[in-house]
Amino acid sequence: MVVEVFSDIACPWCYIGKTRFERALARYEHAGEVQVVWRSFQLSPDAPTREPGLTVDYLADKYGVGRDGALAMMERVTEVAASEGLEFHLPKAVAANTFDAHRVTHLAAERGLGREVMGRLMRAYQSEGENVADHETLARLATEAGLAAQDVRDTLASSAYVEAVEADLSLARRYGVTGVPFFVFDAKAAISGAQPTELFLSALRQFGPQVPVLQRVGADDDAVCGPDGC
């Protein structure tokens, strides 16, 4: 079974959704038969790559709610995150463009570290106020999650994985994804949003690998031999 997870590093609900989904997967009886593929999505493709400001000011302008309104939005999601054991510090989050960060997650996936690097970058954005558009910052963070710093620098100095990120964005459009997180199960069912862990577990059990159950016809003990006789 393949579960595609569309998310953006700059999305606090994506970090919460990742946490809830992974907890469900840890409880799923056939977790070893599930392949999780992290797909790139950009909530703000126009966000700056150089000298980005604070996310709180970006949200205040984008939604016209003022700084106090943006801080109230952040407080609500911070409380939900805390209930999942996540510590957010969103007022110091930096509204940086995430395209290059997504390129790093593709490098990480190729090296078998997609989950680790995605989680590290999400924590850096939501909790630590890191600028995830800065190449040296990305190299440092990815190194902490297991990648080689020079591999990250080489990737960012080139056009590597640009097409991979763009392919994910195109796939999201074909799927009709307008918000993240968005979870696609074997390209036939989807869950939108950071739903409760129990809902993710139910979806895995419904759409994932199943133990075959035969339909029995006739009496259970009709003309058979068993351990206790015939």
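Any read-out appearing in this document is the output of simple, stated calculations on the displayed coordinates, not a laboratory observation. Remember, predicted model here, so these are calculated numbers, not experimental data. Don't worry about glycine lacking a Cβ; one is built from the backbone with ideal geometry, like all the others, and counts go over all protein chains shown.
Over all other residues within a Cβ to Cβ distance under 10 Å of Trp38, the charged ones net out to +1, with Lys and Arg as +1 and Asp and Glu as -1.
Look at the Cα gyration tensor of region 2-207: its axes a ≥ b ≥ c give a/c of at least 1.5 with a/b at or below b/c, and that counts as oblate. Taken along the Cα-to-beta-carbon direction at a fixed 7 Å, the label points for Ala72 and Glu87 span 2.8 nm. Here the gap between Thr49 and Ala26, fully extended at 0.36 nm per residue and compared with their Cα-Cα distance, gives a gain of 4.7 nm. Taking a Cβ cut-off of under 13 Å around Val56, the surrounding Lys, Arg, Asp and Glu residues balance to a net charge of -1, with basic ones at +1 and acidic ones at -1. Taking 22 Å as the straight-line reach from the Cα of Lys92, the lysines in range (excluding those fewer than 8 positions away in the same chain) are Lys18, Lys62. If both residues of a DSSP beta bridge must be in the chain, then about 60% of such bridges are antiparallel. Within region 34-146, the proportion of C-alpha pairs whose separation exceeds 25 Å stands at 24%.
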